[in-house]
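Asks: Would you mind keeping the following structure in view while I ask a few things?
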Amino acid sequence: MAKDSPYFQFPVKMLASESDTQSLVQNICSYSLWEVSPEQVETLAKEYIDCHPSLTGLDRNNSEHQIVMAAAERLNVGLSNIASTLSAAQKMHAKYGVTGTQCRIRADIAWSAHDDQWPILKFKVLCGVIAGIGNNQAVKLNHRMIQALASGYNSPKGLAESDMLAKSSVRYWIEQLWFSNFFQHCKRGQECWYSISTASDQAFAKVVHQIPTKQRVKTKIDVST
């Protein structure tokens with residue numbers, strides 16, 4: 001059975017509460033270990049058990065243990081004690097729930113940010129951009145929207161600048177992450193477009209310039225008397 005691509009998926013509200021990248025990635029990982037398609041559980045859990053015979057705290061017939069092991073197998077995450085891992089996963093879900101804008105970041109990128117000790121703003125801004133793009137091939141985003149998402153909010157509506165990460169810091173990290181090719185970016189007039197699914201900025205620009213521009217609707221005014 002083919003595994004899904006290894007992604008951590010979590011609500012952006014998680015970005016609001018952590019001040020260091022290592023803790024945030026660990027919590028994102030724990031949250032994601034409670035997320036797996038029901039039809040995959042049995043097969044993936046068995047694969048994990050077969051490859052990790054020394055796993056402690058394991059009840060093979062416990063459905064919750066199976067869910068965590070299945071997610072660990074899909075995400076390529078090593079577990080030491082299944083009971084403590086399950087407790088951490090449930091704690092994250094109880095705290096953050098499953099609603100709101102979601103971010104779906106590749107697990108290898110998240111662990112690289114963890115192991116290389118990225119500045120927390122760098123990781124939050126990347127998550128904000130990825131959440132803003134979502135499943136779209138091309139999406140138009142302004143800096144204020146990315147600023148809100150990276151700060152843990154679904155949108156900037158009703159927010160003051162003081163509620164969010166500093167605009168200058170967000171713009172700086174957008175530029176640095178783009179230079180490092182974590183996403184593609186192009187401008188069309190005053191519009192800023194983003195993608196994580198095209199091969200290059202040049203290829204992305206071709207996609208964007210094929211997107212129809214919204215035409216301003218002229219309202220007819222009846223001036224007859």
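The values are calculated or read from the model by the stated rules, or taken from the named source; none is laboratory data. Please read these numbers as outputs of a predicted model, since none were measured by experiment. Virtual Cβ from ideal backbone geometry, glycine too; neighbours counted across all protein chains shown.
Asks: So which residues in the range 7-36 are among the small types (G, A, S) and within 24 Å of I196 (Cα to Cα)?
Replies: Those that are among the small types (G, A, S) and within 24 Å of I196 (Cα to Cα): A16, S32.
Asks: Give the residue, chosen from S23, S19, S30, that is closer than 30 Å to Q147 by Cβ, among the polar types (S, T, N, Q), within 21 Å of the chain's Cα centre (by Cα) and modelled with pLDDT under 90.
Replies: Among S23, S19, S30, only S19 is closer than 30 Å to Q147 by Cβ, among the polar types (S, T, N, Q), within 21 Å of the chain's Cα centre (by Cα) and modelled with pLDDT under 90.
Asks: Which numbered condition in (1) more than 20 Å from Y48 (Cβ to Cβ); (2) out of contact with any strand residue (DSSP E or B) (no Cβ under 8 Å at 6 or more places or on another chain) is the only one that A89 fails?
Replies: Unmet for A89, out of (1) more than 20 Å from Y48 (Cβ to Cβ); (2) out of contact with any strand residue (DSSP E or B) (no Cβ under 8 Å at 6 or more places or on another chain): (1).
Asks: Continuing with this model, one more query. Name the residue, out of Q147, Q176, that is part of a helix (DSSP H, G or I), modelled with pLDDT of 95 or more and crowded, with 16+ Cβ neighbours inside 10 Å.
Replies: Q147
Asks: Then there is this: Report whether or not E35 is in contact (Cβ under 8 Å) with a residue 60 or more places away in the chain, in a loop (DSSP other than H, G, I, E, B) and closer than 29 Å to S151 by Cβ.
Replies: For E35, the condition - in contact (Cβ under 8 Å) with a residue 60 or more places away in the chain, in a loop (DSSP other than H, G, I, E, B) and closer than 29 Å to S151 by Cβ - is not met.
Asks: For the range 179-214, which residues satisfy the criterion of being in a helix (DSSP H, G or I) and not aromatic (F, W, Y)?
Replies: Of everything in the range 179-214, those that are in a helix (DSSP H, G or I) and not aromatic (F, W, Y) turn out to be D201, Q202, A203, A205, K206, V207, V208, H209.
Asks: Return the only residue of S155, S169 being within 27 Å of F8 (Cβ to Cβ), modelled with pLDDT of 95 or more and part of a helix (DSSP H, G or I).
Replies: Working: S155 fails: part of a helix (DSSP H, G or I).
Only one candidate qualifies: S169.
Asks: Pairs please, first residue from the range 6-22 and among the acidic types (D, E), second anywhere and buried (at least 18 other Cβ atoms within 10 Å of the Cβ), Cβ atoms under 6 Å, 6+ apart in sequence or on different chains.
Replies: E18/L24; D20/I120
Asks: Under 7 Å between Cβ atoms, at least 6 apart or on separate chains: pull out the pairs that start in the range 80-93 with a residue that is closer than 25 Å to L15 by Cβ and end on any residue that is of a type in the set (F, W, Y) and assigned to a helix (DSSP H, G or I).
Replies: These pairs meet every condition: A89/Y31; M92/Y31; H93/Y31.
Asks: Collect the residues in the range 98-140 that are touching a Cys at 6+ places or on another chain (Cβ under 6 Å) and in the same structural domain as K187 (by TED's automatic domain parsing), keeping them in residue-number order.
Replies: Listed by number, the residues that qualify are C127, I130, A131.
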